[in-house]
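Written below as structure tokens is the structure these notes are about.
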Amino acid sequence: MDSPAQQLMRNPVFSHVYERLWRPVFTRLFSLGGTGTADFDRALTAYLSRPGERLVLDVACGPGNYTRRVADGLTGDGRCIGIDFSPAMLSMAARTNAGPRAGYIRADAHAIPFADNTFDSVTCLAALYLIPDPLPVVDELVRVARPGGEIVVFTSVSTELDALPGVRAVAGASGYRIFGRHEIIERLRSAGAEHVEQTITGQGQYVIAVKPG
Ligand SMILES: C[S@@+](CC[C@H](N)C(=O)[O-])C[C@H]1O[C@@H](n2cnc3c(N)ncnc32)[C@H](O)[C@@H]1O
């Protein structure tokens with residue numbers, strides 16, 4: 001049975017409020033009301049949307065909020081493709097975040113429908129913590145990155161906060177997973193990624209890794 005978090009992602013009403021309301025609030029919550037996560041997020045988005053003819057894959061793209069921003073910065077034959085398994089999110093993406101360099105496909109992140117070594121950048125932002133079996137998805141991110149390509153993840157991380165009584169129980173019951181500090185970086189390395197850099201901001205972690213060329 002789907003967790004409450006998974007059910008929410010399939011809800012059409014949620015897909016309407018996600019980009020403008022939920023995501024900005026959630027981003028701030030990650031730094032507990034501060035701006036650390038939002039600041040890092042802005043810098044990362046600017047980096048991912050730098051001009052170039054890159055092929056970018058945005059895994060678990062939701063309503064295409066990052067897909068579109070990245071696609072808009074690309075040039076020439078550059079493209080950003082978003083994949084997600086929620087029809088509600090994808091129809092919102094097609095309606096609000098379409099663009100000449102943005103495209104969307106319905107797919108499960110456990111079986112990304114692209115060949116090995118395809119993308120210059122592969123992102124998976126704010127999604128791994130909702131996926132019941134997330135570590136095989138990390139392997140998929142590395143598989144579809146091209147040699148020399150980058151893998152970018154934003155997800156949860158364990159901090160002093162989740163040691164407080166009840167926090168882990170509430171998170172678990174809602175379907176929100178809190179990753180151990182080394183879980184994502186170790187899985188990226190065991191999938192073959194190198195130069196794995198982790199930045200922890202508040203309750204979240206940004207991880208950038210490179211697939212060896
Ligand atoms: C919180 S949204 C993140 C959207 C966007 N990446 C962002 O950073 O705002 C999480 C998305 O993950 C998607 N998702 C969850 N499990 C998935 C899976 N197994 N395959 C593809 N998408 C999945 C949900 O449908 C939802 O749209």
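Observations on the structure shown:
- Looking only at residues in the range 108-134 that are more than 13 Å from the chain's Cα centre (by Cα) and assigned to a helix (DSSP H, G or I), the one that is farthest from the ligand (Cβ to nearest atom) is Ala111.
- In the range 28-56, the residues that are touching a helix residue (DSSP H, G or I) at 6+ places or on another chain (Cβ under 9 Å) and at pLDDT below 85: Arg28, Leu29, Phe30, Ser31, Leu32, Gly34, Thr35, Gly36
- Of all residues in the range 1-27 being of a type in the set (A, V, I, L, M) and either surrounded by 13 or more Cβ atoms within 10 Å (Cβ to Cβ) or modelled with pLDDT of 85 or more (or both), the one that is farthest from Gly204 (Cα to Cα): Val13
- Any chance Leu141 is surrounded by fewer than 16 Cβ atoms within 10 Å (Cβ to Cβ) and either part of a loop (DSSP other than H, G, I, E, B) or of a type outside the set (Ser, Thr, Tyr) (or both): no
- Among the residues of the range 164-181, those identified as closer than 12 Å to Gln203 by Cβ and part of a helix (DSSP H, G or I) are Val167, Ala171.
- Residue list for the range 66-92, filter: touching a Lys or Arg at 6+ places or on another chain (Cβ under 8 Å), free of Cβ contacts under 8 Å to residues at least 60 places away in the same chain and either outside any helix (DSSP H, G or I) or of a type outside the set (Asp, Glu) (or both): Ala71, Gly73, Leu74, Gly78, Arg79, Cys80, Ile83, Asp84, Phe85, Leu90
- Any hit, the range 188-210, residues being among the acidic types (Asp, Glu) and assigned to a helix (DSSP H, G or I): no
The values are calculated or read from the model by the stated rules, or taken from the named source; none is laboratory data. These numbers come from a predicted model, not from an experiment. Cβ coordinates were reconstructed from backbone atoms using ideal geometry, including for glycine residues, and neighbour counts include every protein chain displayed.
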